[in-house]
Amino acid sequence: MQHTISVLVENEFGVLSRVASLFSGRGFNIDSLTVAPTNDEGLSRMTIVTRGDDQILEQINKQLNKLIDVLKVLDFSDGSAIEREMALIKVTAEDESRAEVLRIVDIFRAKIIDVTPKSYTIEATGNPLKIDAILDLLRPLGLKELVRTGAVAIGRGAKGWKG
Amino acid sequence: MRMNGARIMLECLKKEGVDTVFGYPGGTVINIYDELFSFKEIRHILPRHEQAGTHAADGYARATGKVGVALATSGPGATNTVTGIATAYMDSIPMVIITGQVPTPLIGNDAFQEVDIIGITRPCTKHSFLIRDVKDVASIMKKAFFIARTGRPGPVLVDFPKDIQVAQTEFVYPETVEIRSYKPNLEGHPRQVEKAFKMILESRRPVLYVGGGVVLGDAAEQLTVLARKLSVPVTTTLMGLGSFPGDDSLSLGMLGMHGSYYANMAMTHSDLIIAVGSRFDDRVTGKLATFAPHARIIHVDIDPTSIKKNVRVDLPIVGDVKDVLTKMIKQADKAKEKVTEFVASLNPWQEEITGWKMKHPLSYKNSSTIIKPQFVIQKLRELSDDDAIIATDVGQHQMWTAQFFQFNRPRTLLTSGGLGTMGYGLPAAMGAQAAFPGRQVITICGDGGVQMNIQEMATLVQNKLPVKIVILNNNFLGMVRQWQELFFDKRYSQTCMELPIDFVKLADAYGAKGFSTSKPGDVEKVIKQAFKENGPVIMEFKIAREEKVIPMVPAGASLNEMVLNA
C-alpha cells in the first residue's frame with residue numbers, strides 16, 4: 001500500500017543522504033521524495049511517498065525516527081492529508097492536436113507556460129492521481145518531456161505542524 | 001583560552017574522561033599528534049594497523065562501559081577503521097572515531113589521501129559529523145560522546161579537516177548538550193510494565209531471553225534479582241553471556257544455532273518469552289515460521305526499531321532495560337503472595353527443563369591422545385581468575401567458548417556477535433588490558449583469525465600489555481570447514497591452512513613468550529606456565545582437526561531440529 005510520509009529534519013550537512021541511504025540500505029522503496037526548507041530556518045521538510053505492508057511501514061517510521069537529525073515523522077496513510085504535485089509537461093501540438101491539448105488543459109485547470117509552433121509546455125498542479133489522469137490523456141498526443149515534483153502533503157484541519 | 005582546533009579536540013577528550021586513545025598518525029592528523037606530544041593527560045597507544053586500533057577501542061569500551069576512542073588519518077587510515085566501526089555498530093558499542101580529513105578547500109577535489117569517510121561509514125555509524133568551523137569543535141565533540149553513549153549506544157565518527165585543526169578559537173566546553181531531534185526514551189511505560197508483570201504471572205512456561213542490551217545497560221544485577229525472585233529460567237544470546245550467572249540452576253546457557261538443546265527446547269515450548277535487550281537475530285530464532293509457536297512475547301528494548309522487526313510482539317516496552325527491570329522487581333515485591341503461588345506453579349516447567357538438561361547436556365568426547373578444544377576451554381575456566389576478561393575471535397573457538405566457559409559476570413566476554421569479525425579477538429583483548437592493567441585478559445582465537453591482526457603482538461610487547469593469547473590450532477578455517485563437511489559433501493574448498501605456522505617462534509620474534517603442545521596431558525601445565533608470565537604469551541594448542549561445534553541448528557531449520565551428534 002502506498003503511504004505519504006512527512007519528515008521534519010534538521011538542516012544539517014548530509015541529512016538527505018542519510019534518509020536516502022536508509023531507504024536503499026534497508027530495501028525500502030521510494031516512489032518520490034521532495035525536500036525544501038520550512039518556515040523555521042533550521043528545518044527542512046521531506047515528503048516521501050513509499051510503499052509496503054504494515055510491518056514495513058512501521059519499520060520505515062521507526063528507522064526514520066532513529067536518525068539523529070530527524071525531528072518528527074508523520075505518516076499520512078489514512079487520507080488525513082491533502083496532497084499536491086506539480087508536473088511540467090512538454091507535448092506535441094501541431095495542426096489538429098493543438099485544440100485538443102488546449103481543451104485538456106482547460107478541463108484540468110492547468111496552464112500553458114511555453115508555446116512554439118510545434119509544442120505546448122503545460123504546468124499542471126493537483127493530487128498525484130489528477131496528474132496521472134492528465135498524462136494519460138496527453139500521452140497519445142505525443143509526450144516530448146515530463147518533469148514531476150513528487151507529492152507534497154499537508155494535514156487537513158486547523159492544527160498546524162510546526163516547521 | 002585561545003587554542004587551535006587540534007588542542008581543543010584533546011581538551012574535549014579530557015573533559016569527557018577519556019584516558020586512553022588508540023591511534024595511528026598520518027598527514028592529516030599530524031597537528032593533533034603535535035599537540036599530543038606535550039599533552040600528558042591522555043595515554044596514546046599506537047597499534048600496528050588502524051583496524052586493530054578501532055577494535056582495541058571497542059574492547060576497551062566493552063570491558064569498561066566507557067566510550068572507546070580511536071584516531072586515524074584520512075584516506076587509507078580512515079578506510080582501515082571501517083571494519084572496526086561496523087563491528088561496534090552491529091553490537092551497539094559506544095565509540096568515537098576521529099579521522100583526519102584533507103583541508104576543507106580541498107574536500108571533493110580527489111586530494112591526496114582524501115576519501116568520503118562520512119559517506120563510507122554512514123550505514124555503520126550511529127551518527128557522524130564533519131567539522132567545518134573551529135568554533136564547532138567543542139560542541140560537536142560534546143554531541144558525539146553524548147550520542148555514542150546514550151540510548152542504544154553506537155559508534156560516532158568525527159571527520160576533522162586539517163585546516164580546522166590549525167585554526168584558532170576560544171575553548172569553551174559546553175556544560176550541557178541538547179539535541180532537539182534526539183531524545184531516547186529511557187523510561188519504560190509503567191502501564192506496560194504492569195501489563196507485562198500480569199502476563200508473567202499468567203504464564204506457566206516462561207523464559208527470559210536476554211541479550212547484549214542487559215550488559216550494555218548495566219542491568220545484569222537487576223536481571224538476576226528478577227529471574228531468581230520469579231524463578232524464571234534464563235537463556236542468553238552470545239552478546240548476553242555474563243548477564244546472568246552461567247552456573248545458576250536457572251541458567252539455560254546460550255540459545256540459537258549453537259545454543260544448548262535445552263535452551264532451544266525451552267524457547268520452542270514456552271508460553272511466554274520475555275525478551276530483554278535482545279533483537280531476535282536470525283542466528284537465534286532459526287526458521288521464523290516455527291519460532292516459539294506457543295509463546296506470547298514481551299519485548300523490552302531501548303531501540304523501538306528492534307521491536308517487531310523480525311517477530312510479532314504481544315507487548316512492547318520501549319525503555320532502558322535497567323529501568324524496566326527495576327520496575328518489574330518492584331511489582332514483584334508488591335505482590336509477594338501471588339509471586340509465591342506463581343513460583344510454585346512453575347514446578348512442572350522446571351521439571352521438564354531439567355529433563356531436557358539431563359537428556360542432552362552440553363558435552364563432548366574427550367581424548368587422552370589428542371587435544372579437544374572444549375577441554376582447553378574448560379581448563380582455562382578452571383585455571384583463570386574469576387574476573388578474567390575473555391576476548392574471542394570468530395569461528396568454532398568462539399562457539400566453544402560460549403558453550404563451555406560459563407560466564408558469570410557481565411563485561412567479561414568480548415566477542416564480535418553481530419558482524420562476526422575475524423581478527424577481532426587479539427586487538428579487543430589489547431584494549432581491555434589497556435583499561436585494566438591488573439586483570440587477567442585472555443584472547444581465545446583460531447589459527448585463522450589470529451593471523452588477521454597478528455601484528456598487534458608488537459603493540460602488546462611495546463606497551464607491556466600482558467594479554468594471554470590462546471590459539472586453538474586445527475590448521476583449518478574450522479567453522480567454514482564444518483559447514484563444508486555437513487552441507488557440501490566434505491569438499492574443503494580453500495579452508496585448509498596448509499602452511500603450518502611456528503607460533504612459538506613467532507612469539508619469540510616479537511619478544512613475547514610462546515608455548516605449544518599437542519598433548520592433552522600438557523594443557524594444564526602450559527596454561528599455568530603462561531599465566532605465571534608477566535608479559536604477553538602465545539599458547540598454541542594443536543587440537544583435533546575435524547572437531548565440530550555441536551549442537552547445531554542448520555541455517556534455515558527450526559530451533560528444535562538440532563544436529564546433536566558429531
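PRE reach from B:Lys198 (point 7 Å along Cα→Cβ): which of the range B:276-302 fall under 13 Å by backbone N? Counting backbone N atoms under 13 Å from the label point, the list is empty. What are the GluC sites (Glu not before Pro) within the range B:483-559 that DSSP puts in a loop, where the Cβ has at most 10 other Cβ atoms within 10 Å? For GluC sites (Glu not before Pro) across the range B:483-559 that sit outside H, G, I, E and B with at most 10 neighbouring Cβ atoms in 10 Å, the list reads B:Glu498.
Within a straight-line Cα-Cα reach of under 20 Å, A:Lys90 can be paired with the following lysines, leaving aside sequence neighbours fewer than 8 residues apart in one chain: A:Lys111, A:Lys118, A:Lys130, A:Lys144. Taking all C-alpha pairs of the range B:187-227, those more than 17 Å from each other amount to 43 percent. Remark: mean inter-chain Cβ contacts per residue of A:61-68 equal 5, using a 10 Å Cβ-Cβ cutoff to other protein chain atoms. Can you give the mean number of other chain Cβ atoms that lie within 10 Å of the Cβ atoms in peptide B:122-131? The shielding value for this peptide is 3. Per-residue 3J(HN,Hα) values for the range B:166-181, derived from phi via the Karplus relation 6.51 cos²θ - 1.76 cosθ + 1.60 with θ = phi - 60°, read 8, 4, 10, 7, 6, 8, 10, 8, x, 6, 10, 10, 9, 10, 5, 8 Hz in sequence order (x marks Gly and Pro). Applying a DSSP loop filter and a limit of 13 other Cβ atoms within 10 Å to the chymotrypsin sites (Phe, Trp or Tyr not before Pro) in the range B:299-399 leaves nothing. Counted by neighbouring Cβ atoms within 10 Å, the residues B:Cys496, B:Cys445 run from fewest to most as B:Cys496, B:Cys445.
Starting from the range B:523-566, pick out the trypsin sites (Lys or Arg not before Pro) whose DSSP state is loop and whose Cβ has at most 16 other Cβ atoms within 10 Å. Write out the running numbers ahead of the final one.
Numbers: sites: B:Lys525, B:Lys528, B:Lys532, B:Lys542, B:Arg545, B:Lys548; in loops: B:Arg545, B:Lys548.
The qualifying sites are B:Arg545.
Between B:Asn347 and A:Asn65, the modelled label-to-label distance comes to 4.5 nm, taking each label 7 Å out from Cα in the direction of the beta carbon.
Residue-wise HN-Hα couplings along the range B:520-530, as the Karplus relation 6.51 cos²θ - 1.76 cosθ + 1.60 with θ = phi - 60° gives them from phi, are x, x, 9, 4, 4, 4, 4, 4, 4, 4, 5 Hz; Gly and Pro carry x.
Here the spin labels are modelled as points 7 Å beyond Cα on the Cα-Cβ line, and at A:Asp114 and B:Arg545 they lie 7.4 nm apart.
Can you tell me what percent of all Cα-Cα pairs in the range B:214-359 are more than 19 Å apart?
On the way: 5456 of 10585 pairs.
Cα-Cα pairs in the range B:214-359 separated by more than 19 Å: 52 percent.
Scanning residues 5 or more positions from A:Arg51 or on other chains, those with amide H under 5 Å from its amide H are A:His3, A:Asn29, A:Asp31, with H placed 1.01 Å from N in the peptide plane. The ellipsoid equivalent to the alpha-carbon distribution of the range B:104-166 has semi-axes of 22, 16, 6 angstrom, derived from the gyration tensor eigenvalues as √(5λ) and listed largest first.
In this structure the amide hydrogen of B:Lys513, modeled in the peptide plane, comes within under 5 Å of the amide hydrogens of B:Ile538, none closer than 5 places in sequence on its chain.
Ranking of B:Met328, B:Met479 by neighbouring Cβ atoms within 10 Å, starting from the fewest: B:Met479, B:Met328.
Taking the inverse of the mean reciprocal distance over all distinct Cα pairs, the Kirkwood hydrodynamic radius of chain B comes to 24.6 Å.
The radius of gyration of the Cα set in the protein assembly as shown, together with its Dmax, comes out at 29.3, 100 angstrom. Across every pair of non-identical alpha carbons in the range B:207-299, the mean reciprocal distance, once inverted, gives a Kirkwood radius of 12.7 Å.
The simple Förster model, with R0 at 51 Å and r as the Cβ-Cβ distance, assigns B:Lys334 and B:Lys525 a FRET efficiency of 0.40. Other residues within the sphere of radius under 10 Å centred on the Cβ of B:Arg7, judged by their own Cβ, net out at -2 (K and R +1, D and E -1).
At q = 0.25, 0.27 Å⁻¹, what log₁₀ I(q)/I(0) does a Debye calculation on the Cα points of the range B:349-428 give, no solvent, two decimals? After summing over all Cα pairs, the log10 values are -1.19, -1.25. Ranked by how many other Cβ atoms sit within 10 Å of their own Cβ, fewest first, the residues B:Tyr173, B:Tyr424, B:Tyr89, A:Tyr120 fall in the order B:Tyr173, B:Tyr89, A:Tyr120, B:Tyr424. Note that the range B:20-118, at 20 °C in a medium of 1.002 mPa s, gets a Stokes-Einstein diffusion coefficient of 157 µm²/s from its Kirkwood radius over C-alpha pairs.
By the helix-only formula, in which each DSSP H run with n ≥ 4 contributes -39500 (n - 2.57) and the sum is divided by residues, chain B has a 222 nm mean residue ellipticity of -10500 deg cm²/dmol.
Throughout, read-outs are computed from the coordinates displayed, never taken from laboratory work. If you're wondering where the values come from, they're calculated on a predicted model, not measured in any experiment. Neighbour counts are summed over all protein chains in view; Cβ atoms, including those assigned to glycine, are modelled from backbone coordinates with ideal geometry.
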